[in-house]
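Visitor: Handing you this structure, nothing more for now.
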Amino acid sequence: MELTGAQIVVQFLEDEGVDIIFGYPGGAVLHIYDALYTQDAVKHILVRHEQAATHAADAYARSTGKVGVALVTSGPGATNAVTGIATAYLDSIPMVVLTGQVPTHLIGNDAFQEVDTLGITRPCVKHNFLVKDVADLAETLKKAFYLAASGRPGPVVVDIPKDVTAARTEYVFPKSVKMRSYNPVVKGHTGQIKKAVDLMLEAKRPMIYTGGGVVLGGAAEALTELTRELGFPITNTLMGLGGYPATDPQFLGMLGMHGTYEANMAMHHCDVLVAIGARFDDRVTGNIEKFCPTARIIHVDVDPASIAKNVKVDIPIVGQVEPVLRQALRLLRESGGKSDAEALKAWWDQIGEWRSLDCLKYDPASERIKPQLVVDTLYRVTGGDAFVTSDVGQHQMFAAQFYKFDKPRRWINSGGLGTMGFGLPAAMGVQFAHPDATVCCITGEGSIQMNIQELSTCRQYALPLKIINLNNGFLGMVRQWQEFFYQGRYAQSYMESLPDFVKLAESYGHVGMQISRPEDVEPALREAIALKDRLVFMDFLVDPTENVYPMIPAGAGLNEMILV
Amino acid sequence: MRHIISILMENEAGALSRVAGLFSARGYNIESLTVAPTEDPTVSRMTLVTSGSEEIIEQITKQLNKLVDVVKLLDLTEGPHMEREMMLIKLRATGTGREELKRLVDIFRGRIIEVTASTYTVELTGNSGKLDAFLEAVGELVILEVVRSGVLGIARGEKGLRA
């Protein structure tokens with residue numbers, strides 16, 4: 001059938017199985033909005049700022065595994081989306097962002113609301129396209145979805161000039177697409193996997209270290225089976241939390257700069273390191289010269305460029321994490337080999353000693369509310385079953401340390417780019433994907449103000465989010481570094497003139513609460529969670545001097561943590 | 001170490017800037033870069049000269065391979081290969097020096113492709129070392145203008161790079 005470009009965009013989204021998109025209209029995308037108006041299959045969520053559209057689409061993807069979709073106009077619409085695109089890029093999130101563009105004959109003319117969207121987004125997308133001919137539109141969209149979701153996922157931008165959305169052509173849904181220049185690896189090399197299994201069985205002090213790739217690759221189950229079969233200790237990166245059940249005794253907690261003592265010490269002292277879907281980020285390795293000095297390293301990753309980028313690897317395996325782990329499990333069972341039980345026992349004894357330091361302890365009897373207490377209590381009150389989004393800073397680390405994620409796709413945070421302002425729009429995206437779930441946004445008074453306008457979106461769509469604002473009156477992580485490394489010169493890290501968050505929430509039509517005493521934390525959280533159909537903004541006035549411990553200072557190794 | 005990397009790319013607008021952007025964003029060196037169409041109109045071929053440790057070169061080739069527009073890639077320096085660069089050079093050619101310059105051009109197997117009363121324009125092809133040697137031989141004083149094509153390379157024998 002013959003359709004306009006705008007109709008093709010909308011019909012394609014429906015045919016591709018997209019039921020929800022996040023966006024904001026503007027001149028260059030008016031035809032597309034008009035096409036959206038006349039149908040019901042694709043629901044459009046009107047945000048209050050394009051950055052929020054991309055974060056919401058991103059979090060929708062993170063919590064479902066489907067491709068998230070955002071639609072923004074040209075010029076400022078596109079530039080506002082860039083932070084969200086970069087956020088998705090650094091965390092390898094499958095997302096398609098449709099950007100309007102000025103009509104083709106005006107491109108390059110400094111036209112009204114024109115920017116070089118392709119040029120601006122190029123360094124922070126997996127790929128991007130400018131559609132110059134309506135005849136190419138459907139196939140380009142198909143390519144965008146295929147690229148976003150396959151291999152190492154990532155955001156793809158499709159820039160569509162306004163005249164292309166008005167032009168007409170015959171539309172047929174392209175069921176599949178082939179690109180000769182893009183052939184992501186699926187299965188790992190059997191010989192390499194065999195070698196890896198042999199090395200794992202030789203290990204005396206093994207350690208499994210997994211990242212976001214396990215969550216993205218749907219490999220949590222396979223990982224759990226393999227880890228239990230081997231009896232090895234395991235740690236997750238910030239992005240990998242939920243990839244292995246956090247309440248399992250083999251789990252040592254998160255590793256890295258604010259990871260647990262036992263996880264980091266086990267990393268440092270291990271003799272075989274099994275890295276799965278993780279990329280040896282600087283926040284994980286600490287000083288790379290001092291990283292895992294005695295370990296032989298196995299690295300499984302879908303992206304060959306992630307392997308041997310930061311550390312030398314003994315057994316590289318390129319492939320999708322899930323099939324690789326399944327094959328490893330098969331080979332392990334076929335070989336009939338067993339882990340070295342005696343060595344493992346000694347290793348677990350050592351780990352037990354490190355664990356006994358209880359590195360995450362805090363003072364629960366403090367007169368001020370400790371931020372850790374809030375997260376700890378939230379975990380209990382929600383039975384560990386909530387979706388938790390976070391912003392960036394101390395509260396993010398407390399959330400990662402104290403909320404024990406047993407399932408993947410429950411912990412939604414900007415790990416790579418560290419985008420303040422991510423938490424609230426991300427929570428919206430999650431709630432749209434899981435309307436009946438409890439969705440909590442753990443944030444701080446700095447971060448929440450970076451996308452506070454989305455409280456209005458939440459009102460429009462009656463999203464019953466629970467916002468946990470750990471308000472310490474400081475940009476806490478900045479303050480912590482200034483305390484440690486700048487002799488307490490708190491340059492611009494104090495948040496003056498804060499709004500009254502309770503009234504602010506109420507003015508948007510939500511429920512506001514302020515909690516200042518530790519004994520009120522649990523009743524307040526229980527009350528808020530019980531309010532199933534209302535957004536509750538909980539402003540917790542927490543101890544402003546609290547720091548995130550343990551901590552690896554910059555330049556130090558994983559065995560050189562500051563404990564308290 | 002110096003590497004010559006040949007890349008076949010989809011002939012799409014912006015493909016060149018993806019490669020150039022990758023090098024600047026990740027802080028890799030580009031010594032020279034040439035790009036032109038091939039016998040297959042759907043691809044263009046880029047020859048890129050870069051340098052770095054083995055680890056860096058490995059990352060460069062992996063990152064280039066990751067670009068969606070890159071169809072194929074070959075590090076020519078890993079096997080037997082030939083390289084050529086072309087140079088056009090305008091020289092001040094007056095008085096007694098004029099005859100001497102002509103002799104130098106002959107020795108280097110260059111060709112004088114334009115003559116005026118006061119200048120020669122010379123075309124010279126070879127590997128980059130030969131071009132450098134010619135520049136040194138004629139001396140700075142007579143050089144008016146230098147244009148170099150950047151390095152082209154091709155593998156020897158049956159080995160090749162085809163889409």
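Visitor: Does any residue in segment A:54-80 that is free of Cβ contacts under 8 Å to residues at least 12 places away in the same chain come within less than 7 Å, Cβ to Cβ, of a residue that is of a type outside the set (A, V, I, L, M) six or more places away or on a different chain, and which pairs are these?
Guide: none
Visitor: Which one is farthest from A:V115 (Cα to Cα), of the residues in segment A:136-152 that are away from chain B (no Cβ under 13 Å) and in contact (Cβ under 8 Å) with a residue 40 or more places away in the chain?
Guide: As a first pass, look at segment A:136-152 and keep what is away from chain B (no Cβ under 13 Å): A:137-139, A:141-142, A:145, A:149.
Keeping just the survivors that are in contact (Cβ under 8 Å) with a residue 40 or more places away in the chain gives A:137-138, A:141-142, A:145, A:149.
Numbers: A:L137: 20, A:A138: 24, A:L141: 21, A:K142: 24, A:F145: 24, A:A149: 27 Å.
Per the criteria, the residue is A:A149.
Residues are listed down the side, and each one gets a yes or a no for (1) farther than 26 Å from A:V82 by Cα; (2) of a type in the set (K, R); (3) assigned to a strand (DSSP E or B):
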| position | (1), (2), (3) |
| --- | --- |
| A:A148 | no, no, no |
| A:I160 | no, no, yes |
| A:Y182 | no, no, no |
| A:I193 | yes, no, no |
| A:V197 | yes, no, no |
| A:K204 | yes, yes, no |
| A:L226 | yes, no, no |
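Visitor: Another question about this same structure. Identify, from the list B:V68, B:V35, B:V115, B:V43, the residue that is closer than 29 Å to B:V138 by Cα and not aromatic (F, W, Y). So that I can check it myself, show each step before the final result.
Guide: Numbers: B:V68 fails: closer than 29 Å to B:V138 by Cα; B:V35 fails: closer than 29 Å to B:V138 by Cα; B:V43 fails: closer than 29 Å to B:V138 by Cα.
Going through B:V68, B:V35, B:V115, B:V43 in turn, just one is closer than 29 Å to B:V138 by Cα and not aromatic (F, W, Y): B:V115.
Visitor: For segment B:1-27, which positions are under 19 Å from the mean Cα position of the chain (by Cα) and of a type in the set (D, E, K, R)?
Guide: Selection gives B:R2 alone.
Visitor: Those residues that are open to solvent by 20 Å² or more (accessible area, probe 1.4 Å) and either in a loop (DSSP other than H, G, I, E, B) or aromatic (F, W, Y) (or both), I need them from segment A:432-463; list them, please. If you could, list the steps in order and put the result at the bottom.
Guide: Just the residues of segment A:432-463 that are open to solvent by 20 Å² or more (accessible area, probe 1.4 Å), to begin with: A:432-438, A:449-450, A:452-453, A:456, A:459-462.
Result: A:F432, A:H434, A:P435, A:D436, A:A437, A:T438, A:Y461, A:A462.
Visitor: Report, by residue number, each residue of segment B:15-54 that is within 14 Å of chain A (Cβ to nearest Cβ) and buried (at least 17 other Cβ atoms within 10 Å of the Cβ). Even if it seems obvious, please write down each step before you answer.
Guide: The initial filter retains those residues of segment B:15-54 that are within 14 Å of chain A (Cβ to nearest Cβ), namely B:15-28, B:40, B:42-46, B:52-54.
B:A15, B:R18, B:V19, B:L22, B:F23, B:Y28, B:V43, B:S44, B:R45, B:M46, listed by residue number.
Visitor: If the requirement is being among the basic types (K, R) and within 14 Å of another protein chain (Cβ to nearest Cβ), which of these qualifies: B:R162, B:R156? Don't jump to the end; show me each part of the working.
Guide: On the way: B:R156 fails: within 14 Å of another protein chain (Cβ to nearest Cβ).
Going through B:R162, B:R156 in turn, just one is among the basic types (K, R) and within 14 Å of another protein chain (Cβ to nearest Cβ): B:R162.
Visitor: For A:F398, are the conditions met, namely being out of contact with any Gly (no Cβ under 9 Å at 6 or more places or on another chain), in a helix (DSSP H, G or I), open to solvent by less than 10 Å² (accessible area, probe 1.4 Å) and among the aromatic types (F, W, Y)?
Guide: Details: out of contact with any Gly (no Cβ under 9 Å at 6 or more places or on another chain): yes; in a helix (DSSP H, G or I): yes; open to solvent by less than 10 Å² (accessible area, probe 1.4 Å): yes; among the aromatic types (F, W, Y): yes.
So A:F398 fits the description; yes.
Visitor: Then there is this: Kindly provide the set of residues from segment A:175-197 that are free of Cβ contacts under 8 Å to residues at least 60 places away in the same chain and either crowded, with 24+ Cβ neighbours inside 10 Å or more than 14 Å from chain B (Cβ to nearest Cβ) (or both), ordered by number. Let's see the steps before the verdict.
Guide: Within segment A:175-197, the first condition is being free of Cβ contacts under 8 Å to residues at least 60 places away in the same chain, and the residues that meet it are A:175-183, A:191.
Hits for segment A:175-197 are A:K175, A:S176, A:G191.
Visitor: Go through segment A:121-135 and give me each residue that's more than 11 Å from chain B (Cβ to nearest Cβ) and surrounded by fewer than 24 Cβ atoms within 10 Å (Cβ to Cβ).
Guide: Within segment A:121-135, A:D133, A:V134, A:A135 qualify.
Visitor: Only one of these is touching a Leu at 6+ places or on another chain (Cβ under 8 Å), among the β-branched types (V, I, T) and either open to solvent by less than 30 Å² (accessible area, probe 1.4 Å) or away from every other protein chain (no Cβ under 14 Å) (or both): A:V172, A:V214. Name it. Spell out how you get there, then give the answer.
Guide: Working: A:V172 fails: touching a Leu at 6+ places or on another chain (Cβ under 8 Å).
Exactly one residue qualifies, and that residue is A:V214.
Visitor: For segment A:239-256, how many residues meet the condition of being assigned to a strand (DSSP E or B), out of contact with any Asp or Glu (no Cβ under 7 Å at 6 or more places or on another chain) and over 25 Å from A:A88 (Cα atoms)?
Guide: Of the residues in segment A:239-256, 1 are assigned to a strand (DSSP E or B), out of contact with any Asp or Glu (no Cβ under 7 Å at 6 or more places or on another chain) and over 25 Å from A:A88 (Cα atoms).
Visitor: Related question: Quick check on segment A:110-117. Is at least one of its residues part of a helix (DSSP H, G or I) and away from chain B (no Cβ under 14 Å)? Working first, answer last.
Guide: Initially, segment A:110-117 is screened for residues part of a helix (DSSP H, G or I), giving A:117.
Adding the requirement that they be away from chain B (no Cβ under 14 Å) leaves none.
No, because not a single residue in segment A:110-117 is part of a helix (DSSP H, G or I) and away from chain B (no Cβ under 14 Å).
Visitor: When only residues in segment A:274-326 that are more than 23 Å from A:D198 (Cα to Cα) and of a type in the set (D, E) count, which is most open to solvent (accessible area, probe 1.4 Å)?
Guide: Among those that are more than 23 Å from A:D198 (Cα to Cα) and of a type in the set (D, E), it is A:E289.
Visitor: For segment B:57-81, enumerate the residues that are open to solvent by 70 Å² or more (accessible area, probe 1.4 Å) and under 27 Å from B:R156 (Cβ atoms).
Guide: Looking only at segment B:57-81, we keep the residues that are open to solvent by 70 Å² or more (accessible area, probe 1.4 Å), and these are B:58, B:65-66, B:72, B:78, B:80.
The answer is B:E58, B:N65, B:K72, B:E78, B:P80.
The values are calculated or read from the model by the stated rules, or taken from the named source; none is laboratory data. None of the values given here were measured: they were computed from a predicted structure. When we count neighbours, we look across all protein chains shown, and the Cβ atoms used for this are built from the backbone with ideal geometry, even at glycine. We work out accessible area using only protein heavy atoms, side chains counted, and drop any ligands, DNA or RNA first. Shrake-Rupley method; radii C 1.70, N 1.55, O 1.52, S 1.80 Å.
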